[in-house]
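Asks: Attaching a single structure in structure tokens format; questions to follow.
The values are calculated or read from the model by the stated rules, or taken from the named source; none is laboratory data. From a predicted model like this one, the values you see are computed outputs, not experimental measurements. Glycine also receives a Cβ, built like all others from the backbone with ideal geometry; neighbour counts cover every protein chain displayed.
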Amino acid sequence: MRIPLKLATVMIAAAMAFLQGCNDDSNNGDDAISLPDKQFQLDVTNLTHNQAISAVGVILHDSAYQLFTLGEAATVALEELAEGGDNSALLSEANSNGAVIDTVAGTAMIVPGSSERFMLGGNASALEVSLAGMLVNTNDGFAALNGAAIGHLERGASVTFHAKVFDAGSEGNSEAAAELPGQGGEGFNAARNDRDFVTVHPGVLSMVDGLATSALDQSHRFDNPALKVVVTRLQ
Amino acid sequence: MKKQLSALLTLTVLASTPVMAQDINIKLTNLTNGLYFTPLLVAAHDVNTHLFMEGSSASVNLQKMAEGGDIRGLLSDLQVVSGDVVENPAAGQLDPGESVNFNMMTNDSNTHLSLTAMLLPTNDGFVGIDSLELPTSAGTYTYYLNAYDAGTEANNEVINGGDGQGVLGIPADPGGNAGTGGTGLPATENNMTVHIHRGNLGDDNASGGESDLNNTVHRWLNPVAKLVITVN
């Protein structure tokens with residue numbers, strides 16, 4: 001839905017640039033006036049057995065943007081995604097970041113075995129893609145790519161990435177129904193009752209493997225990777 | 001149990017050698033603690049061939065490999081597309097911690113590599129790589145492989161000799177560490193496409209419980225295999 005509008009904007013901007021004989025070379029994310037000369041298609045597939053992944057947020061950026069840093073605290077926006085599956089703050093913060101070139105929000109959860117396709121466009125000296133979506137039957141687990149380089153892709157070429165599952169470190173891994181959005185429980189809660197730094201996720205235990213109070217069953221267990229991301233440069 | 005397994009093994013090594021293009025060496029290591037790889041199928045093929053694809057339903061021939069270790073169907077699929085095939089290079093199963101090393105001559109048009117082997121004991125778990133673009137410059141290249149679930153059989157974790165297509169159950173535990181009398185984990189398959197295996201659950205009850213698998217032996221985390229390709 002966004003694309004025709006953007007294309008129209010780009011065409012107008014290009015026409016204006018031609019008429020004025022000026023060359024706008026800004027790469028600062030203001031894609032209303034800079035001409036995106038690279039277009040990327042992302043196919044994102046959920047590879048888990050039984051962990052739906054919340055609507056993902058996808059961000060095209062240069063190397064100055066960082067979705068998160070392992071071992072450091074998650075931003076509140078990332079916490080909102082990791083605990084509640086809400087990508088809106090993450091994407092609005094990204095959109096106001098000068099290192100971000102384009103963003104797109106997933107339309108719905110990606111259920112196991114299914115895929116969603118995204119289109120992103122823009123240019124920068126070092127193009128990277130980041131994305132994140134919550135595993136909705138975890139407390140604060142999210143599958144993510146954190147700055148995967150795609151600037152080298154030739155037109156028509158593809159590259160495949162596999163996204164690991166990370167733990168936002170903002171909520172203890174109780175696996176209690178009341179705290180799992182996938183079980184009808186609470187999403188985002190501003191309190192931080194875990195170690196408060198992002199780690200690789202240790203996985204879920206489930207009620208059959210030593211955590212009697214867990215609302216999860218053995219089908220919710222997962223191993224890495226959780227998402228396949230195929231990036232194809234269209235133009 | 002071992003008898004059943006050996007019935008699956010075929011000992012021929014087919015390395016077709018048409019127009020020589022590339023001479024590569026392959027070393028594959030089983031990185032698990034207690035999982036056995038059934039006879040490996042390794043092939044160089046064209047860019048359009050896939051033995052499996054993540055997020056897509058398994059073919060019947062992939063199902064036969066993943067549920068029973070039978071690679072004959074996948075082998076004939078590869079022969080149809082003139083793949084350069086190495087069948088069962090370890091001459092049987094590849095044990096935990098063991099490696100197999102072999103050479104391949106690949107035809108010009110066979111630019112991609114695929115590999116599969118069933119993981120025992122699992123219901124329909126396999127180690128694999130789907131259509132890896134072969135490096136062409138001389139050198140040594142290392143890849144780590146994941147365990148997949150073919151999505152064709154529920155992981156009930158009961159060892160009953162069930163193999164092949166559509167028989168619920170695990171063929172065997174070659175290591176002899178499994179129990180008996182498991183009543184079976186829920187027989188539901190939530191993701192019926194090829195996906196990342198969630199791992200065996202197992203339990204600590206050797207003569208009952210739900211699972212016949214041993215939770216101190218039969219678990220793993222990815223990666224489950226190391227693949228080293230040397231281009232000469």
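Asks: Do the conditions hold for residue B:67, that is, is it under 30 Å from residue A:114 (Cβ atoms) and over 14 Å from the mean Cα position of the chain (by Cα)? Give the derivation first.
Replies: On the way: under 30 Å from residue A:114 (Cβ atoms): yes; over 14 Å from the mean Cα position of the chain (by Cα): no.
In short, no.
Asks: Just checking, how many residues over segment B:32-55 are surrounded by fewer than 18 Cβ atoms within 10 Å (Cβ to Cβ) and either in contact with a Pro (Cβ under 8 Å, 6 or more places away or on another chain) or assigned to a strand (DSSP E or B) (or both)?
Replies: Total satisfying the criteria: 1.
Asks: Can you confirm whether residue B:135 is over 17 Å from residue A:224 (Cβ atoms), more than 13 Å from chain A (Cβ to nearest Cβ) and surrounded by fewer than 17 Cβ atoms within 10 Å (Cβ to Cβ)? Give the derivation first.
Replies: Numbers: over 17 Å from residue A:224 (Cβ atoms): yes; more than 13 Å from chain A (Cβ to nearest Cβ): yes; surrounded by fewer than 17 Cβ atoms within 10 Å (Cβ to Cβ): yes.
Yes, satisfied.
Asks: Going by the structure shown, is residue B:142 β-branched (Val, Ile, Thr), in a strand (DSSP E or B) and either modelled with pLDDT of 95 or more or crowded, with 24+ Cβ neighbours inside 10 Å (or both)?
Replies: Answer is yes for this residue.
Asks: Looking at segment A:194-209 only, could you name the residues that are acidic (Asp, Glu) and away from chain B (no Cβ under 11 Å)?
Replies: Within segment A:194-209, A:194, A:196 meet the criteria.
Asks: Please state which of the following conditions residue A:161 fails to meet, knowing it meets all the rest: (1) buried (at least 17 other Cβ atoms within 10 Å of the Cβ); (2) touching a Phe, Trp or Tyr at 6+ places or on another chain (Cβ under 9 Å); (3) within 14 Å of chain B (Cβ to nearest Cβ); (4) under 30 Å from residue A:40 (Cβ atoms).
Replies: (2)
Asks: Still on this model: When the residues of segment A:210-223 are narrowed to those that are modelled with pLDDT of 95 or more and either surrounded by fewer than 20 Cβ atoms within 10 Å (Cβ to Cβ) or within 16 Å of the chain's Cα centre (by Cα) (or both), which ends up nearest to the other protein chains (Cβ to nearest Cβ)?
Replies: A:217
Asks: To continue, here is another question. Within segment B:182-231, count every residue that is more than 30 Å from residue B:113 (Cα to Cα), at the interface with chain A (Cβ under 8 Å from one of its Cβ atoms) and among the β-branched types (Val, Ile, Thr).
Replies: 1
Asks: Continuing with this model, one more query. Are there any pairs, at least 6 apart or on different chains, whose C-beta atoms fall under 7 Å, with the first in segment A:67-94 and on the phi > 0 side of the Ramachandran plot and the second polar (S, T, N, Q), and if so, which?
Replies: Taking only residues 6 or more apart or on different chains, the pairs are A:85/A:54.
Asks: Take the conditions over 14 Å from the mean Cα position of the chain (by Cα) and buried (at least 18 other Cβ atoms within 10 Å of the Cβ) and apply them to residue B:104. Does it pass? Before the answer, list the steps.
Replies: Working: over 14 Å from the mean Cα position of the chain (by Cα): yes; buried (at least 18 other Cβ atoms within 10 Å of the Cβ): yes.
Yes; evaluated as a whole, the condition is true for this residue.
Asks: So, residue A:126, is that one of a type in the set (A, V, I, L, M, F, W, C) and surrounded by fewer than 19 Cβ atoms within 10 Å (Cβ to Cβ) or not?
Replies: It is true that residue A:126 is of a type in the set (A, V, I, L, M, F, W, C) and surrounded by fewer than 19 Cβ atoms within 10 Å (Cβ to Cβ).
Asks: Please indicate, with yes or no, whether at least one residue in segment B:1-20 is away from chain A (no Cβ under 14 Å), outside any loop (DSSP other than H, G, I, E, B) and at pLDDT 95 or above.
Replies: no
Asks: Run down B:163, B:108 and say which single residue is of a type in the set (D, E, K, R) and either on the phi > 0 side of the Ramachandran plot or in contact with a Gly (Cβ under 8 Å, 6 or more places away or on another chain) (or both).
Replies: Only one candidate qualifies: B:163.
Asks: In segment B:51-84, which residues are on the phi > 0 side of the Ramachandran plot and more than 14 Å from chain A (Cβ to nearest Cβ)? First the steps, then the outcome.
Replies: Filtering segment B:51-84 down to residues on the phi > 0 side of the Ramachandran plot leaves B:55, B:69, B:82.
Hits for segment B:51-84 are B:69, B:82.
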